[in-house]
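Some notes on the structure that comes next.
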Amino acid sequence: MSRPVKQNFIRPTHIEGFPVGPQFTAGHLADTNAGWRTFRPVVNHDTCIYCLRCYLVCPDGTIFKDNGKIAVDYDYCKGCGVCAHECPKNAIEMVKEQL
Amino acid sequence: MSSANTLTRITPKNITDQEFFYGHKACAGCGGSLAVRLALKVLGERTYAAFPAGCMAAVGFIYPQMAFTNNAIITTFPGVASMASGIAVGAKALGIQNFKTVAFAGDGGTADIGLQALSGMIDRGDDVLYICYDNEAYMNTGIQKSGLTPFGTQTTTTPAGKNIHGSKTQKKNLFEIIAAHDIPYAATASIGYPQDYIDKVQKAAQVKGPAFIHVYASCPTGWGTPTETSVEIAKEAVDCGLFFLAEYENGDYRLTRNPKQFASVADYLKKQGRFKHLSDADIASIEAHRDHKWERMRRMWNHQ
């Protein structure tokens with residue numbers, strides 16, 4: 001697994017259920033960030049030249065390589081639009097989210 | 001050049017697919033989180049990371065979330081370098097092999113509050129890579145002026161009014177302060193030039209001893225810029241000469257980017273809410289300060 005995924009988390013009901021000391025499991029995500037998004041990036045694979053500029057500049061690391069294609073993890077993309085703005089071929093379009 | 005050239009250069013094609021800073025709660029378009037993400041991807045899984053009280057600690061460690069997939073810890077605000085020193089020597093004493101210790105702090109945690117701990121860390125020669133992501137104010141607590149806030153910036157503690165136009169002081173010359181310790185390796189970088197930043201992190205990771213990288217990282221919230229331009233604005237800061245890319249190695253300074261002609265300072269400043277109030281005279285004084293600084297850097301540093 002190259003990236004953590006959302007896990008179910010049951011909040012402890014007793015103080016003994018909380019972690020002792022400052023340690024906690026690495027890569028434990030109890031929540032997604034998808035709700036932050038107003039616009040979602042959509043990749044046009046016909047114009048994409050796979051230069052990986054978007055992969056490099058994504059502040060959240062949600063753009064990943066999927067068998068030679070650019071893919072986006074929509075669970076954690078915040079829709080900041082850096083990828084679309086930096087794309088040299090304008091192959092990423094920011095589409096308004098429909099509720 | 002150094003032995004780093006014999007290593008395979010890390011590029012987007014061969015960088016690890018693993019994400020070590022993922023699902024964090026930083027603002028959309030955060031430049032600091034990009035700096036942390038790229039550095040951890042270069043350094044790999046066997047990295048101990050230390051973060052002082054600052055944005056990255058606030059967005060990464062929200063119980064029951066843990067956005068780091070490597071070993072990471074929050075430290076006291078002034079003590080990130082001391083904590084990282086302790087981790088490095090502690091892990092060595094335990095016989096742990098093949099690891100790197102890295103400290104990430106913002107501009108306030110480095111240039112103001114954490115400066116003495118950092119100075120001590122370099123002095124002792126501890127094997128730590130220290131990365132300062134510079135967003136030019138205390139962003140986590142609500143945009144207060146720090147030692148690295150440049151002249152004319154509007155922050156909540158240096159508001160722009162009729163008589164005083166934002167911050168009255170110039171940006172501290174942190175890079176030369178660190179280089180003056182005779183550190184084995186120090187560099188400045190910008191998230192606007194991500195490949196250059198990756199190269200410098202890779203080079204710094206090979207250093208046995210203290211290394212320092214000052215990376216310019218934009219903050220859409222504090223700077224008043226649209227989220228999508230946060231990489232572009234960090235590139236423009238370098239292009240217009242208000243931030244420079246340089247290295248200090250084996251006692252020599254070197255400009256890694258020496259543009260023949262600067263882009264317009266006014267264009268760069270006017271894109272940001274924090275500089276909206278600046279008058280033409282203020283911009284001219286910022287340009288004069290830039291030219292003076294570059295004249296000295298080119299005269300003293302450039303041996304190519």
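Taking the Cα centre of chain B as reference, the dipole from Cβ charges on Lys and Arg (+1) and Asp and Glu (-1) amounts to some 60 debye.
For the pair region A:58-99 and region B:231-304, the centres of their Cα atoms are 31 angstrom apart. Between B:Lys276 and A:Leu52, the distance separating the two model label sites (each 7 Å from Cα on the Cα→Cβ line) works out to 4.0 nm.
For the peptides B:46-59, B:202-215, B:99-112, A:39-52, residues were scored by their other Cβ atoms within 10 Å and the scores averaged per peptide; the highest-first order is B:99-112, B:46-59, B:202-215, A:39-52. Normalised by the number of residues in chain B, the mean separation of alpha-carbon contacts (under 8 Å, six or more apart) gives a relative contact order of 16 percent. With coordinates expressed along the principal axes, the C-alpha atoms belonging to the protein assembly as shown extend over 59, 55, 45 Å, beginning with the largest.
Could you rank B:Glu19, A:Glu16, B:Glu45, A:Glu86 by how accessible they are, 1.4 Å probe, largest area first? Before the final figure, lay out each step's value.
Working: B:Glu19 5, A:Glu16 155, B:Glu45 105, A:Glu86 30 Å².
Of B:Glu19, A:Glu16, B:Glu45, A:Glu86, the descending order of accessible area is A:Glu16, B:Glu45, A:Glu86, B:Glu19.
Partner shielding of B:53-65 amounts to 3, given as the average count of beta-carbon atoms from other chains within 10 Å of each residue beta-carbon.
Stretching the chain fully between B:Gln195 and B:Arg296 yields a gain of 33.7 nm (0.36 nm per residue, less the alpha carbon separation). Taking every residue in B:231-240 and counting other chain Cβ atoms within 10 Å of its Cβ, the average works out to 2. Using a probe of 1.4 Å on the protein chains alone, the accessible area found for B:Leu43 is around 30 Å². Any idea of the total accessible area buried by the A-B contact, 1.4 Å probe, rounded to 100 Å²? When A and B are taken together, about 3200 Å² of accessible area is lost.
Taking a cut-off of 28 Å, what percent of all Cα-Cα pairs in region B:145-304 are separated by more than that? Each step should come with its number before you reach the end.
On the way: 2787 of 12720 pairs.
Looking at region B:145-304, the distances longer than 28 Å represent 22 percent of pairs.
For the peptide B:251-258, the mean number of other protein chain Cβ atoms found within 10 angstrom of a residue's Cβ is 0.
How much mean residue ellipticity at 222 nm does the protein assembly as shown get from its helices, if each DSSP H run of length 4 or more adds -39500 (n - 2.57) and you divide by all residues, to the nearest 500 deg cm²/dmol?
-8000 deg cm²/dmol
For the set B:Tyr63, B:Tyr185, the ranking by accessible area, highest first and with no ligand, DNA or RNA atoms included, is B:Tyr63, B:Tyr185 under a 1.4 Å probe. Computed from backbone phi, the HN-Hα couplings of region B:149-165 come to 6, x, 4, x, 6, 7, 10, 6, 9, 10, x, 8, x, 6, 9, 10, 9 Hz, rounded to whole numbers (Karplus: 6.51 cos²θ - 1.76 cosθ + 1.60, θ = phi - 60°; Gly and Pro given as x). By how many degrees, 0 to 90 and rounded to 10, does the Cα axis of helix B:194-205 deviate from the longest principal axis of chain B? For B:194-205 against chain B, the angle is about 40 degrees. Counting heavy atoms of the protein chains alone, B:Thr221 has an accessible area of about 90 Å² for a 1.4 Å probe. Shown are B:Met139, B:Met300, whose ranking by accessible area with a 1.4 Å probe and every protein chain present, most to least, is B:Met300, B:Met139. Computed over protein heavy atoms with a 1.4 Å probe, the carbon and sulfur contribution to the accessible area of region B:4-300 reaches 55%.
How fast does region B:4-300 diffuse by Stokes-Einstein, in µm²/s, taking the Kirkwood radius from C-alpha pairs at 4 °C and 1.567 mPa s? Write out the running numbers ahead of the final one.
On the way: Rh = 19.3 Å.
Here the translational diffusion coefficient equals 67 µm²/s.
Binning all Cα-Cα separations of region A:33-96 at 5 Å, short to long from zero, yields these whole-percent fractions: 4, 21, 34, 27, 12, 3.
Centroid-to-centroid, using Cα positions, region B:67-86 and region B:205-221 are 15 Å apart.
Cross-link partners for B:Lys235 among the aspartates and glutamates, with Cα-Cα distance under 14 Å and sequence neighbours closer than 8 places in the same chain left out: A:Glu86, B:Asp134, B:Asp196, B:Asp267.
Round to the nearest 10 and report in Å² the accessible area of B:Leu115, as given by a 1.4 Å probe over the protein chains' heavy atoms. Per-residue accessible area (B:Leu115): approximately 50 Å². For chain A, the fraction of 1.4 Å probe accessible surface lying on carbon and sulfur atoms is 52 percent. The residue list A:Asn44, A:Leu99, A:Thr25 was ranked by how far each Cα lies along the charge dipole of chain A toward its positive end, using unit charges on Cβ atoms, and A:Asn44 comes out on top.
For the residue pairs B:Lys100/B:Lys260; B:Lys145/B:Lys293; B:Lys200/B:Lys271; B:Lys271/B:Lys293; A:Lys65/B:Lys25; A:Lys6/B:Lys270, alpha carbon separations beyond 32 Å are given by B:Lys100/B:Lys260; A:Lys6/B:Lys270.
On a per residue basis, region A:33-96 carries 46 Å² of accessible surface, using protein heavy atoms and a 1.4 Å probe. Accessible surface calculations at 1.4 Å, restricted to protein heavy atoms, place region B:111-150 at 31 Å² per residue.
The values are calculated or read from the model by the stated rules, or taken from the named source; none is laboratory data. Owing to the predicted nature of the structure, the values given are computational and were not obtained by experimental measurement. Methodologically, a virtual Cβ is constructed for each residue, glycine included, from the backbone with ideal geometry; neighbour enumeration extends over all protein chains shown. When the accessible area is computed, the model is the full protein with side chains, heavy atoms only, and any ligands, DNA or RNA have been set aside. Shrake-Rupley method; radii C 1.70, N 1.55, O 1.52, S 1.80 Å.
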